[in-house]
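What follows is a short report on a single structure.
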Amino acid sequence: MGQLGARLLPYALGYALSYLLRSANAVLADPLARDLGLSPAALGGLTATFYLAFALGQLPLGGLLDRYGPRRVLFPLLLVAGLGSLLFALGRGFTLLLVGRGLMGAGVALALVGAIRAYQLHSPQRMGAMSGFTVALGGLGGLLATSPLAYAGENLGWRGAFLLLALLAMALALLGLGVAPRDPLAGEDRLGRGPRGGPSGTASRAFQGEGSLGRGAGRWRGSAVVASMGLVAFAYIGGFFAVQSLWAGAYAYEMGLEGPWVGRWLLVLNAASIGGGVLAGVLAGTLGTGRSLGMGVALFSLGLVLWALGAPLPLAYALVGLGGGFNAMVLAQTASLAADSAGRAMALVNVTGVLGIFAIQTSFGLAVERVGYPLPLLGLALLQGLALVGAMRIHREVLGKGSRP
């Protein structure tokens with residue numbers, strides 16, 4: 001891994017922590033609801049508060065990320081997430097629980113965006129590979145939010161489990177502040193030299209690189225790039241997480257499978273997504289983030305088509321998971337195209353992906369009620385292709401004309 005890689009590891013661990021926190025309510029829902037007498041609607045609202053705060057925090061926090069750098073923004077935010085977990089663990093009334101859950105969502109809002117921004121600043125040539133590794137590690141965090149977290153809940157109670165998560169978040173925040181490398185200021189390279197510091201200033205080129213969102217004649221081109229990557233995020237990130245978090249399980253039950261078998265096939269999907277994150281990083285390191293992203297979308301779409309055509313479920317789910325595991329390449333590619341405003345650009349794209357999850361989950365369900373699963377699955381696959389082709393066309397136009405005024 002190397003010394004620099006080890007010092008950047010807390011960023012990847014922060015993304016794994018975000019998976020743990022976002023999934024915790026699902027694992028601990030039963031004891032939480034029984035202890036506090038929560039109705040299904042109250043439990044749903046409490047859980048959704050995390051995602052609302054997560055989405056609302058993207059844009060203002062993304063601006064802070066560009067101004068102050070990931071080290072000085074992301075790790076203090078993890079302290080906020082830890083505070084939220086602590087309040088949730090101690091909460092006796094519904095209001096305090098809502099505040100705690102909201103702080104958790106806001107505290108990890110930039111977990112992936114901040115990690116990719118850190119890789120861009122400190123190791124730009126390995127940004128794609130490290131982004132894929134981070135998503136894979138996040139998947140492992142998701143697996144920890146199953147049986148291990150349930151075991152902690154059984155032995156410590158749901159309050160004890162959230163207290164453990166609070167301590168974990170705060171410890172990781174302090175670790176990151178202690179070991180993560182200092183971020184260069186805008187216009188500096190990693191050695192602290194200004195824009196004229198010489199051709200070796202890779203971080204300086206990252207700040208001044210092509211894809212600026214706010215420089216003269218290049219502003220509209222940068223905005224077009226963000227819009228195009230937002231389209232991909234809406235279709236691809238939104239589609240994958242909508243399927244992973246709901247419709248893959250619902251379809252398996254509809255086919256008459258019992259709970260244990262549904263769990264097995266979902267494990268296939270989730271394990272494949274971890275492998276997809278690793279593969280995405282390898283391909284990004286050799287072919288670039290754009291081609292790696294295209295490969296992920298293609299694999300995800302192939303899985304959807306095979307699923308719609310009645311292929312064996314483990315095969316379809318494995319391809320859906322493998323392709324979906326490339327999802328960090330959306331943000332990595334955005335960062336490479338909007339270098340000096342990468343934090344804000346990735347935040348905008350990330351918001352679009354979150355909106356895509358809600359929109360696709362809802363519209364997919366309405367379509368399934370009317371025509372069953374095959375046509376909506378094929379429509380979702382078609383949406384992937386349309387989004388990717390549109391993004392590629394705008395990408396070529398921007399690169400062909402150049403992004404500098």
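The values are calculated or read from the model by the stated rules, or taken from the named source; none is laboratory data. Quick caveat: nothing in here was measured; it's all calculated off a predicted structure. For neighbour counting, all protein chains shown are included, and Cβ atoms are generated from backbone atoms with ideal geometry for every residue, glycine included.
A few remarks follow.
- Some residue of the range 43-53 being surrounded by 20 or more Cβ atoms within 10 Å (Cβ to Cβ), touching a residue at least 24 places away in the same chain (Cβ under 8 Å) and within 27 Å of Ile274 (Cβ to Cβ): yes
- From the list Ala109, Ala161, the lone residue that is touching a residue at least 40 places away in the same chain (Cβ under 8 Å) and not in a helix (DSSP H, G or I) is Ala109.
- The set of residues from the range 120-144 being under 15 Å from the mean Cα position of the chain (by Cα) and of a type in the set (Ser, Thr, Tyr) comprises Ser131, Thr134.
- Candidate set from the range 354-367 (those that are β-branched (Val, Ile, Thr) and in contact (Cβ under 8 Å) with a residue 24 or more places away in the chain); member that is farthest from Val108 (Cα to Cα): Ile360
- Leu64 vs. criteria more than 18 Å from the chain's Cα centre (by Cα), farther than 25 Å from Pro148 by Cβ and either at pLDDT 85 or above or assigned to a helix (DSSP H, G or I) (or both): yes
- Qualifying residues in the range 381-402 (those that are part of a helix (DSSP H, G or I) and more than 25 Å from the chain's Cα centre (by Cα)) - the one modelled with the highest pLDDT: Arg396
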